[in-house]
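S.K.: Structure provided below as structure tokens; questions to follow.
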Amino acid sequence: GVPAVMKELADVLDLDCLTVTGRRWNELLSRAECFDRDVIFPRDRPLSDEGALAVVSGNLAPHGAVIKTSAASKGLLQHCGKAVVFEDYADMLDRINDPNLPVDGDSVLVLKNAGPKGVPGFPEWGMIPVPTKLLQEGITDVVRISDSRMSGTSYGTVGLHVSPEAAAGGCLALVENGDEIELDVARRRLHLAVDSIELERRRAEWRPTESRHLRGYPRMYIDHVLQAHEGCDFDFLRPQNAAELEFVPPVVGRS
């Protein structure tokens, strides 16, 4: 379990730290043992030379996007392809398996309005299904880009958490079918190959989708949630000065 994994890192840890068990790491690790080196690799023989995640950025994601490189197809970590755009989750579900969908193995599937403000919420919609027509051709992975999340057990070449999201007016909102998108994980790059003049024209015409949530918690969430790179916190929870950090004891009444 966890102690066996942590024991591989023992020489770079402060083993005197107290854990939630009430015991210190040195005590826990003294009894830890790895029984299968195909499950827990030693530090001198890592499964990968780099971490499992990478943050890419560019004009399509000025504040970054996240890709789980350990679950991606190596041949797609450097890729250029034409966008196939879904305006929202319902649009994606409605068309993803349409036999007439203009998609091939080089396409980049783009899902908009699936981020914090756009849903509202930040659901695990980012693992866009590979279209049936591609699966029938033996293609099991394509590059997929969205402002949504996905489960830690999901897989594929999937760029997530694009920030700013489409609903906040990020460049993702301006992507159109046929636009060329470049993903280059080694260079940490996610780029929309559309010139700045055309993007400004599109931005001038873009209008945010009106939400049906006009009141209550969903409306408050939409109006105040921060973007993915800021942790999707509420803006009014961020302290602006030391005085705002001062604890104000509650008044406990009795009747």
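S.K.: Could you list all residues from the range 148-184 that are in a loop (DSSP other than H, G, I, E, B), closer than 11 Å to Leu60 by Cβ and either charged (D, E, K, R) or open to solvent by less than 20 Å² (accessible area, probe 1.4 Å) (or both)?
M.R.: Val162, Ser163, Gly170, Val175, Asp179
S.K.: Considering each of Arg187, Arg203 in turn, give the residue that is assigned to a loop (DSSP other than H, G, I, E, B) and either closer than 26 Å to Leu160 by Cβ or open to solvent by 70 Å² or more (accessible area, probe 1.4 Å) (or both).
M.R.: Of Arg187, Arg203, the one residue that is assigned to a loop (DSSP other than H, G, I, E, B) and either closer than 26 Å to Leu160 by Cβ or open to solvent by 70 Å² or more (accessible area, probe 1.4 Å) (or both) is Arg187.
S.K.: Okay, moving on. Return the total of residues in the range 206-219 being open to solvent by 50 Å² or more (accessible area, probe 1.4 Å), without any contact (Cβ under 8 Å) to a residue 12 or more places away in the chain and of a type outside the set (Asp, Glu).
M.R.: 6
S.K.: Tell me, which residue of the range 119-143 that is over 26 Å from Lys74 (Cβ atoms) and touching a Pro at 6+ places or on another chain (Cβ under 9 Å) is surrounded by the fewest Cβ atoms within 10 Å (Cβ to Cβ)?
M.R.: My answer is Gly121.
S.K.: For the range 190-200, name all the residues that are open to solvent by 40 Å² or more (accessible area, probe 1.4 Å) and under 21 Å from the mean Cα position of the chain (by Cα).
M.R.: Filtering the range 190-200 down to residues open to solvent by 40 Å² or more (accessible area, probe 1.4 Å) leaves 191, 193, 195-198, 200.
Across the range 190-200, the qualifying residue is only His191.
S.K.: Going through Asp223, Asp235 one at a time, which residue ends up being touching a Leu at 6+ places or on another chain (Cβ under 7 Å) and free of Cβ contacts under 8 Å to residues at least 60 places away in the same chain?
M.R.: Answer to the selection: Asp235.
S.K.: Out of curiosity, is Val108 out of contact with any helix residue (DSSP H, G or I) (no Cβ under 8 Å at 6 or more places or on another chain) and closer than 23 Å to Trp206 by Cα?
M.R.: Against the criterion (out of contact with any helix residue (DSSP H, G or I) (no Cβ under 8 Å at 6 or more places or on another chain) and closer than 23 Å to Trp206 by Cα), Val108 qualifies.
The values are calculated or read from the model by the stated rules, or taken from the named source; none is laboratory data. Computed from a prediction, not measured in an experiment: that's the story for all the values here. For neighbour counting, all protein chains shown are included, and Cβ atoms are generated from backbone atoms with ideal geometry for every residue, glycine included. Ligands, DNA and RNA are excluded from the accessible area calculation, which covers all protein heavy atoms including side chains. Shrake-Rupley method; radii C 1.70, N 1.55, O 1.52, S 1.80 Å.
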